[in-house]
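The values are calculated or read from the model by the stated rules, or taken from the named source; none is laboratory data. These numbers come from a predicted model, not from an experiment. As a convention, Cβ positions derive from the backbone with ideal geometry for all residues, glycine included, and neighbour counts pool all protein chains shown.
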Amino acid sequence: MLTKKIALFGLLAFSTLTQAGQTIDVYRDPSCGCCKAWISHLRDNGFTVNDHVEPNMSAVKERLGVAPRLASCHTGVIDGKFVEGHVPAEQIKLLAKRPDLKGLAVPGMPMGSPGMEMGDHKDAYQVIGLTKDGTDEVIATY
Ligand SMILES: [Cu+2]
């Protein structure tokens, strides 16, 4: 009986933790300013960010399967999926609903994306999902 109660308590504690926000690992070059601004955007939206300074970003991208056509500055990892570039937090929150994707990307560094704010200047950009078969899918347009 006592062990049952302990198990139940453990379960409740765990579900409270997962509701508190998701954790994302972010790899970035030491000199990248817009990467830090994107990390702030994630924290403002409830993510717990583990910030990793990484001198060899191309090796990280290759290891995580980020296709070169999708590459940007920083690379995040959440639940084993990559989040490449200045992807808005709201799109990362939806990623759990897409088990068929290897990751999300905003290729390049479009002005006006989270962490790339430059006054009123806003470029149109797309959030691309990379499927497990290796094809690109437009997930959202901003
Ligand atoms: Cu950037």
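A few comments on the model shown:
- Scanning region 23-57 for residues that are surrounded by 12 or more Cβ atoms within 10 Å (Cβ to Cβ) and in a helix (DSSP H, G or I) turns up 34, 35, 36, 37, 38, 39, 40, 41, 42, 43, 57.
- Figure legend. Inter-residue proximity from region 68-96: first residues farther than 16 Å from residue 42 by Cα and in contact (Cβ under 8 Å) with a residue 40 or more places away in the chain, second residues basic (Lys, Arg) and part of a helix (DSSP H, G or I), beta-carbon distance below 9 Å, spacing 6+ or different chains. Indicated pairs: 70/61.
- Unique residue being among the acidic types (Asp, Glu), within 15 Å of the ligand (Cβ to nearest atom) and under 16 Å from the mean Cα position of the chain (by Cα) when the list is 117, 84: 84
- Qualifying residue in region 90-106 (condition: surrounded by fewer than 22 Cβ atoms within 10 Å (Cβ to Cβ), within 15 Å of the ligand (Cβ to nearest atom) and either over 13 Å from residue 24 (Cα atoms) or within 12 Å of the chain's Cα centre (by Cα) (or both)): no
- Scanning region 109-125 for residues that are buried (at least 17 other Cβ atoms within 10 Å of the Cβ) and on the phi > 0 side of the Ramachandran plot returns a single hit, 115.
- Residue, surrounded by the fewest Cβ atoms within 10 Å (Cβ to Cβ), within region 126-142, restricted to residues that are among the aliphatic types (A, V, I, L, M) and free of Cβ contacts under 8 Å to residues at least 60 places away in the same chain: 138
- Residue count for region 60-81 satisfying the condition of being over 8 Å from the mean Cα position of the chain (by Cα) and among the hydroxyl-bearing types (Ser, Thr, Tyr): 1.
- Odd one out for residue 96, checked against (1) modelled with pLDDT of 95 or more; (2) within 23 Å of residue 60 (Cα to Cα): (1)
- Residue list for region 60-81, restricted to those being away from the ligand (no atom under 16 Å from the Cβ) and in contact with a Phe, Trp or Tyr (Cβ under 6 Å, 6 or more places away or on another chain): 64
- The test for being closer than 14 Å to residue 126 by Cα and of a type in the set (Gly, Ala, Ser) holds for residue 85.
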